[in-house]
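Below is one structure, written out as structure tokens; the observations come after it.
A short reminder: the numbers here are calculations on the coordinates, not readings from a lab. These numbers come from a predicted model, not from an experiment. Counting neighbours? That spans all protein chains shown, and the Cβs are built from the backbone with ideal geometry, glycine included.
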Amino acid sequence: MSPVEKHRVKTEAEIKSKLSEKDTTIIKLLSHNKDLLSTKDKLEQQIASLKSSVIEQRAQIDILDNALTTVQANVHLEDESGKKEVYGSRVDQLQNAFASLQTVSERREQKEKQLRLKLEKELETIKKTVKGK
């Protein structure tokens, strides 16, 4: 074999070796790319799932916020109602006390009238007795 042929054979062997290395690298890169695409798909699915969860949680927060607002309004109304009941009860007590005072006052006036009439009769009787003597 001539030196040129030896060189050609050696060069062809080197080229085949380099091509084989490049093929191996390409296969590794393709495999890695496939893994990355798979991971990307999984992550995109997780993102979609998380977005859906966030939307559901926001809806739940809105529902709970509305419920809280309603409960707070009800508590306020109950407080107002309680105050009105207390005021109403106090008004009833005052009206009853006023009615009792009116009754007592009317009785006193009647007794005073009766006493006045009695005293006037006694006075008339005394006057008649004094005139008659």
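Each Lys or Arg adds one and each Asp or Glu subtracts one; over the other residues with Cβ under 13 Å from the Cβ of residue 121, this totals +2. Dividing the Cα radius of gyration of region 15-62 by its Kirkwood radius returns 1.51 for Rg/Rh.
Once both labels are positioned 7 Å from their Cα atoms along Cα-to-Cβ, the gap between residue 111 and residue 64 label points is 7.0 nm. Charge tally for residue 71 (other residues, Cβ to Cβ under 13 Å; Lys, Arg +1; Asp, Glu -1): -3. Spin-label model, residue 77/residue 50: points 7 Å from Cα along the beta carbon direction are separated by 4.2 nm.
Axis of helix 3-132 versus longest Cα principal axis of the chain: the two differ by about 0°, to the nearest ten degrees. By the scheme Lys and Arg +1, Asp and Glu -1, what is the net charge of all other residues having a beta-carbon under 14 Å from that of residue 101? Residues close to residue 101 contribute a combined charge of 0.
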